[in-house]
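Heads up: the structure comes next, in structure tokens.
The values are calculated or read from the model by the stated rules, or taken from the named source; none is laboratory data. Predicted model, so just to flag it, every value in this text is computed and none were measured. In this analysis, Cβ positions are derived from the backbone assuming ideal geometry, glycine residues included, and neighbour counts consider all displayed protein chains. When the accessible area is computed, the model is the full protein with side chains, heavy atoms only, and any ligands, DNA or RNA have been set aside. Shrake-Rupley method; radii C 1.70, N 1.55, O 1.52, S 1.80 Å.
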Amino acid sequence: MPKVTVDGVELEVPAGATVLQACEMAGKEIPRFCYHERLSIAGNCRMCLVEVKPGPPKPQASCALPAAEGQEIRTDSAMVKKAREGVMEFLLINHPLDCPICDQGGECDLQDQSVAYGRGASRYDENKRAVTEKYMGPLIKTVMTRCIHCTRCVRFSEEIAGVDEIGALYRGEAMQITTYLEKAAAHELSANVIDLCPVGALTSRPYAFEARPWELKKTLSIDVSDAVGSNIRLDSRGREVLRILPRINDDVNEEWLSDKARYQVDGLTKRRLDRPWIRRDGKLVSATWEEAFAAVAKVNPGKSVAVVAGDMVDCETMFAAKALAGALGSKLLEGRQTGLDYDCSNLAAVNFNSTIGGIENADAVLIVGSHVRWEAPLVNTRLRKAAKRGAKVFVVGPAWDATYPVTNLGNDLAVLDKLPKDVAEALKNAQRPAIILGGAALGKGALGASLALAEKYKLVRDDWNGFNVLHMAAARMGGLMLGYAQKGGIADLVKAKPKLLLSLGADEVDYTKFAGSIVVYVGHHGDKGAHAADIILPAAAFSEKAGTYVNTEGRVQFAEQAVFAPGDAREDWTILRALADALGVSVGFDSFAELRSAMIKAVPALGNEGLAAYGALPKAEKAKASGTIEAYPIKDFYLTNPIARASETMQRCSAELIHGEHFAEAAE
């Protein structure tokens with residue numbers, strides 16, 4: 001480990017560290033625009049200049065200079081100060097004075113660093129350059145005259161997203177950043193370039209001119225659009241969440257977020273259920289809470305009750321519904337709405353055991369029945385890292401653009417019984433082999449055959465478990481931990497013909513199979529479930545309640561309440577508690593704290609933030625895989641849940657980016 005001196009303080013730095021990293025280890029702040037910890041080094045903004053001895057008597061870019069034994073680094077000399085002022089002056093030559101009307105105002109790196117490191121006045125007296133706006137799709141607003149050519153957006157698209165859609169045209173003063181032929185940026189992570197842009201060149205199109213950052217209340221939460229459990233921040237004003245931003249969590253989403261998780265936010269205020277409804281003479285009519293509870297009590301179901309949990313429900317809601325069903329004498333609970341019925345007796349067999357952060361260390365990966373790029377975009381970025389490090393990736397199922405090299409093994413699951421020679425050798429010779437099983441494979445009964453593969457190729461080794469199931473629903477692992485899994489899936493509930501079907505935001509269920517049941521829908525959007533319901537009890541969306549969520553790798557995470565539910569809508573647990581009174585049973589809790597402690601007492605793992613321990617994989621029983629995977633469960637990435645389907649932004653993304661519709665700009 002080389003020893004360097006930073007402003008008179010000697011310290012050891014790791015081998016391979018840059019001078020910029022050495023300065024940061026010494027507690028010195030180094031300004032930068034192009035450098036980013038997760039992107040390759042470009043060295044083109046020159047803002048991070050420092051003085052280094054031995055070396056030429058001039059300032060040097062610290063981001064691109066390796067730290068070496070005996071270096072004396074100065075970050076505060078007169079030469080460095082003058083050099084940074086000069087660089088900032090050049091960066092501001094063509095930058096317009098847009099701050100009062102720029103959405104980046106208040107959280108702009110250029111503003112902050114020009115105040116801290118720039119000169120007090122400009123000496124530039126020539127005409128400024130102007131650049132025409134570029135169309136980058138329905139999510140990204142561009143004002144390219146502000147661009148300082150840091151190329152962060154270009155490097156993100158190429159290196160992280162794996163989609164070469166953004167690049168630079170021309171050279172020198174004529175250089176411009178643009179998308180290919182000015183087409184929309186059509187990938188699931190495109191809006192991360194907004195966070196990366198250090199100026200106001202790329203900002204959020206749907207959020208334009210909505211609010212200033214200092215007006216907003218910031219709440220820590222968990223994304224429920226998929227099963228990754230990305231850490232997010234909800235920015236709200238009054239009773240409305242105005243935007244969703246990613247939080248840094250290196251184990252889960254690093255600092256990225258999928259476009260759906262970020263932009264379904266406007267769906268939180270549209271198509272909302274804000275009062276109870278009761279179906280009378282085939283039509284839904286609005287009612288009071290008293291009337292709604294009286295209508296449920298009138299059903300008088302006795303033990304004939306079943307509960308179906310939706311994809312975005314928190315653990316507390318599921319536990320409260322389980323307590324209610326238990327008090328009535330029923331154990332009919334199911335969370336797999338679309339009819340999946342895989343064995344859940346050992347949760348290790350349905351968990352993403354390699355962990356999301358760990359899968360990037362795999363050196364051979366077999367993906368079975370999973371369109372990872374749509375089902376979990378942030379797992380796909382990890383697989384891309386693995387592929388860049390040399391991992392071989394094989395896919396069983398219809399072909400999809402993975403953004404990294406893959407070998408497609410066809411659609412027939414019979415290939416799992418006898419893998420092709422090259423696949424078998426890759427798994428056999430790998431240090432960290434892995435298999436990823438998706439919803440399409442689980443639906444075809446491929447779990448047993450995949451467990452046999454795990455045993456055959458020793459996917460479980462010291463400090464490595466390569467057997468993974470990739471779920472698509474934020475509520476799935478929490479539901480399985482709470483027992484929301486019948487042996488025969490939702491078919492068991494249909495067979496039981498319950499008098500009362502309690503639907504917890506379950507919008508993917510085929511309700512025609514429950515024609516003889518009274519459907520009570522506890523949810524927040526007027527989506528498919530509400531259309532099929534006999535009684536609607538308006539509940540809170542994920543942003544309007546505190547809750548516990550468990551992601552696909554079994555990581556327990558907690559979300560906080562950002563705003564209140566609209567109108568007469570109430571938090572789910574309070575509705576279920578009142579339902580218990582209406583049905584004349586006791587559930588054992590009267591407050592959220594009592595509910596949470598009862599849940600943790602029943603399932604202790606739900607009280608500990610972090611990875612839950614599910615134990616060892618079960619022994620594989622003899623099972624042959626059969627059937628073909630014709631299609632993946634997700635048909636449209638942007639419209640997978642009721643919040644997204646209510647979102648105007650997601651509807652436009654679907655129309656333009658999936659279905660190829662053309663939207664005319666104002667000038668057209």
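Filter the range 363-389 for residues that are in contact (Cβ under 8 Å) with a residue 60 or more places away in the chain and more than 21 Å from A441 (Cα to Cα); which is least open to solvent (accessible area, probe 1.4 Å)?
Top of the filtered list is T381.
Would you point out the residue of the range 41-69, among those that are open to solvent by 10 Å² or more (accessible area, probe 1.4 Å) and of a type in the set (S, T, N, Q), that is nearest to the chain's Cα centre (by Cα)?
For the range 41-69, the residue satisfying everything is N44.
Restricting the search to the range 615-645, which residues are closer than 26 Å to S258 by Cβ, open to solvent by 40 Å² or more (accessible area, probe 1.4 Å) and touching a residue at least 60 places away in the same chain (Cβ under 8 Å)?
Passing the criteria: E630, A631, P633.
Out of (1) open to solvent by 70 Å² or more (accessible area, probe 1.4 Å); (2) under 30 Å from M144 (Cα atoms); (3) of a type in the set (D, E, K, R), the odd one out for D76 is which?
Result: D76 fails condition (2) only.
Could you look through the range 206-219, keep only residues that are open to solvent by less than 80 Å² (accessible area, probe 1.4 Å) and among the hydrophobic types (A, V, I, L, M, F, W, C), and pick out the one that is nearest to R652 (Cα to Cα)?
The selected residue is A208.
With the structure loaded, tell me whether R146 is surrounded by fewer than 20 Cβ atoms within 10 Å (Cβ to Cβ), in contact (Cβ under 8 Å) with a residue 40 or more places away in the chain and out of contact with any Ser or Thr (no Cβ under 8 Å at 6 or more places or on another chain) or whether it fails that test. Spell out the reasoning first.
Working: surrounded by fewer than 20 Cβ atoms within 10 Å (Cβ to Cβ): no; in contact (Cβ under 8 Å) with a residue 40 or more places away in the chain: yes; out of contact with any Ser or Thr (no Cβ under 8 Å at 6 or more places or on another chain): yes.
Answer is no for this residue.
Of all the strands (runs of 3 or more DSSP E) wholly in the range 200-306, which have at least 3 residues that are touching a Lys or Arg at 6+ places or on another chain (Cβ under 6 Å)?
The strands (runs of 3 or more DSSP E) meeting that bar are 231-237.
Is it true that C23 is buried (at least 17 other Cβ atoms within 10 Å of the Cβ) and closer than 27 Å to A161 by Cβ?
no
Within the range 532-587, count every residue that is within 30 Å of G610 (Cα to Cα) and either free of Cβ contacts under 8 Å to residues at least 12 places away in the same chain or not in a helix (DSSP H, G or I) (or both).
Here the count works out to 28.
Residues of the range 563-587 being of a type in the set (F, W, Y) and either open to solvent by less than 60 Å² (accessible area, probe 1.4 Å) or over 30 Å from G526 (Cα atoms) (or both), which ones?
W573
Among residues belonging to the range 229-273 that are of a type in the set (D, E, K, R) and without any contact (Cβ under 8 Å) to a residue 40 or more places away in the chain, point out the one that is farthest from G526 (Cα to Cα).
Checking each candidate, the answer is R247.
Taking into account only those residues within the range 565-592 that are closer than 16 Å to E544 by Cα and among the small types (G, A, S), which is nearest to the chain's Cα centre (by Cα)?
A565
Is at least one residue of the range 315-327 within 16 Å of L576 (Cα to Cα), crowded, with 20+ Cβ neighbours inside 10 Å and among the β-branched types (V, I, T)?
Kept after step one, since they are within 16 Å of L576 (Cα to Cα), are these residues of the range 315-327: 315-327.
Filter once more, keeping what is crowded, with 20+ Cβ neighbours inside 10 Å: 315-325.
Checking the rest, the ones that are also among the β-branched types (V, I, T) come to 317.
Scanning the range 315-327 turns up at least one residue that is within 16 Å of L576 (Cα to Cα), crowded, with 20+ Cβ neighbours inside 10 Å and among the β-branched types (V, I, T).
Which ones in the range 47-66 are outside any strand (DSSP E or B) and modelled with pLDDT under 90?
Answer for the range 47-66, where residues must be outside any strand (DSSP E or B) and modelled with pLDDT under 90: P54, G55, P56, P57.
When the residues of the range 390-407 are narrowed to those that are of a type outside the set (F, W, Y) and touching a Phe, Trp or Tyr at 6+ places or on another chain (Cβ under 8 Å), which ends up nearest to G443 (Cα to Cα)?
First, pick out the residues of the range 390-407 that are of a type outside the set (F, W, Y): 390-393, 395-399, 401-403, 405-407.
Then drop every residue that is not touching a Phe, Trp or Tyr at 6+ places or on another chain (Cβ under 8 Å), which leaves 393, 397-398, 406-407.
Working: V393: 22, G397: 13, P398: 15, V406: 23, T407: 23 Å.
In this case the residue turns out to be G397.
Looking at (1) outside any loop (DSSP other than H, G, I, E, B); (2) touching a Leu at 6+ places or on another chain (Cβ under 9 Å); (3) not basic (K, R), which is the one condition that is false for A598?
Unmet condition: (2).
Residues in the range 71-120 that are part of a helix (DSSP H, G or I), more than 18 Å from V50 (Cβ to Cβ) and of a type in the set (A, V, I, L, M): how many?
Counting residues in the range 71-120 that are part of a helix (DSSP H, G or I), more than 18 Å from V50 (Cβ to Cβ) and of a type in the set (A, V, I, L, M) gives 3.
Quick check on the range 588-607. Is at least one of its residues under 28 Å from P377 (Cβ atoms), open to solvent by 20 Å² or more (accessible area, probe 1.4 Å) and of a type outside the set (A, V, I, L, M, F, W, C)?
Looking for residues that are under 28 Å from P377 (Cβ atoms), open to solvent by 20 Å² or more (accessible area, probe 1.4 Å) and of a type outside the set (A, V, I, L, M, F, W, C), one finds none in the range 588-607, hence no.
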